[in-house]
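All remarks here apply to the structure that follows.
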Amino acid sequence: MSPPVAMFEERRSSEVDSAPLKSSFDVKSFPVRSSKSKTLDELADQWENGFTFAPIRESQVSRAMTRRYFNDLDNYAESDIVIVGAGSCGLSTAYMLGKARPDLKIAIIEASVSPGGGAWLGGQLFSAMVMRKPADAFLTDLGVPFDDEGDFVVVKHAALFTSTLLSKVLSFPNIKLFNATAVEDLITRQNSDGTLRIAGVVTNWTLVTMHHDDQSCMDPNTINAPIVVSTTGHDGPFGAFCVKRLVSMQQIEKLGGMRGLDMNTAEDAIVKRTREVVPGLVVGGMELSEVDGANRMGPTFGAMALSGVKAAEEVLKVFDE
Ligand code: 48N
């Protein structure tokens, strides 16, 4: 485990900077018009009887968005936990951490505009999602209905699982999702024994990250955090990002590379091996298959959910020390 003292020494020194904005940005202090809310029943069939929206000035819309966003950016510039990748594993991790530690600030960085990763369909373009037992325990905790088929369960549409998980994660007041935002590097610190630990992430708008080769230097932003969870999926345009960066930083020798499909082998391995790969960086989900050379499991998602459960446990070990 990483030396928590060093992490928290640094964090304590930065506490003052990380105090949330105490300025006019306080979104709750805005003058609010007294337009009365109505129920849907009151609206029904009123379209020709004086129906109109409450008045608005365009700048109010802009300020309603930007004040909240930049308040969040300031607030989460010092986070307790950063989760990279809002796929099924990253969101499962966030759900477990959001429930267990409402006192911790958790930032989720998702490169795509649409979070959820590969969990909007069950496999190929089929809707139903399969999870092998005991992953049904996660679905029950989440409140997602399923058909019980004995050794496995089936959610009628993968989007029902992912949208329910996403809505629960986004409802936690201590969790902020920054989507359309890519992690394009890691913040590192040297421990007293010369080893490296991860101390946050380097971010940019994904559209900017995709155009570093054809635009002048567009420097990134940063988020400091004593622990990062990377769940960026198996290799692909953005996948396996953090483990590939660990290789290029010579923190791990090489990637094992994801192996062929073997459900029974793959799912046990991914859950059991979810861990802190280097101090300060926990890796879970299919990104892990790239580190260890684990098999892939294809169209079954129980390991993503339970890898998220395990990743949350690994993170909490650091905070509970
Ligand atoms: O859904 P994924 O790709 O990753 P996991 O590990 O959450 O779930 C994997 C699962 O969908 C499978 O692949 C299934 C089980 N199939 C297995 C098989 O054998 O084929 O989500 C990763 C997320 C995506 O939303 C990416 O956009 C995002 O991570 N991401 C990033 N976000 C921010 N910065 C980055 N550098 C980055 N790279 C990827």
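A few remarks follow.
- Selection count, segment 270-285, where residues are open to solvent by 20 Å² or more (accessible area, probe 1.4 Å) and of a type outside the set (Asp, Glu): 6
- Of all residues in segment 301-316, at least one satisfies being in contact (Cβ under 8 Å) with a residue 40 or more places away in the chain, of a type outside the set (A, V, I, L, M), more than 12 Å from the ligand (Cβ to nearest atom) and open to solvent by less than 30 Å² (accessible area, probe 1.4 Å).
- Tally, over segment 89-112, of residues that are more than 7 Å from the ligand (Cβ to nearest atom), in a loop (DSSP other than H, G, I, E, B) and touching a helix residue (DSSP H, G or I) at 6+ places or on another chain (Cβ under 8 Å): 3
- Among the residues examined, residue 244 qualifies as free of Cβ contacts under 8 Å to residues at least 60 places away in the same chain and either open to solvent by 20 Å² or more (accessible area, probe 1.4 Å) or over 29 Å from residue 298 (Cα atoms) (or both).
- Residues considered: 243, 291, 282. Of these, the only one that is in contact with a Lys or Arg (Cβ under 9 Å, 6 or more places away or on another chain), outside any strand (DSSP E or B) and more than 8 Å from the ligand (Cβ to nearest atom) is 291.
- Matching entry among 92, 114 (being under 16 Å from the mean Cα position of the chain (by Cα) and closer than 21 Å to residue 268 by Cβ): 92
- Among the criteria (1) within 15 Å of the ligand (Cβ to nearest atom); (2) assigned to a strand (DSSP E or B), the one residue 276 does not fulfil is (1).
- Leading residue by the ranking (farthest from the ligand (Cβ to nearest atom)) among those in segment 228-237 that are in contact with a helix residue (DSSP H, G or I) (Cβ under 8 Å, 6 or more places away or on another chain) and part of a loop (DSSP other than H, G, I, E, B): 235
- Scanning segment 128-140 for residues that are within 15 Å of the ligand (Cβ to nearest atom), open to solvent by 20 Å² or more (accessible area, probe 1.4 Å) and part of a loop (DSSP other than H, G, I, E, B) yields a single hit, 128.
- All positions within segment 78-88 that are within 9 Å of the ligand (Cβ to nearest atom) and either among the small types (Gly, Ala, Ser) or farther than 18 Å from residue 200 by Cβ (or both): 85, 86, 87, 88
- Within the option set 291, 283, 318, 309, being of a type in the set (A, V, I, L, M) and over 19 Å from the mean Cα position of the chain (by Cα) holds for one residue only, 291.
- Screening the candidates 143, 150 for the property of being open to solvent by less than 70 Å² (accessible area, probe 1.4 Å) and over 17 Å from residue 91 (Cβ atoms) yields one hit, 150.
The values are calculated or read from the model by the stated rules, or taken from the named source; none is laboratory data. It should be emphasised that the depicted structure is a prediction, and the values quoted were computed from it without experimental measurement. Every residue, glycine among them, receives a Cβ derived from its backbone with ideal geometry; neighbour counts consider all protein chains shown. Calculation scope for accessible area: heavy atoms of the full protein, side chains included, ligands and nucleic acids excluded. Shrake-Rupley method; radii C 1.70, N 1.55, O 1.52, S 1.80 Å.
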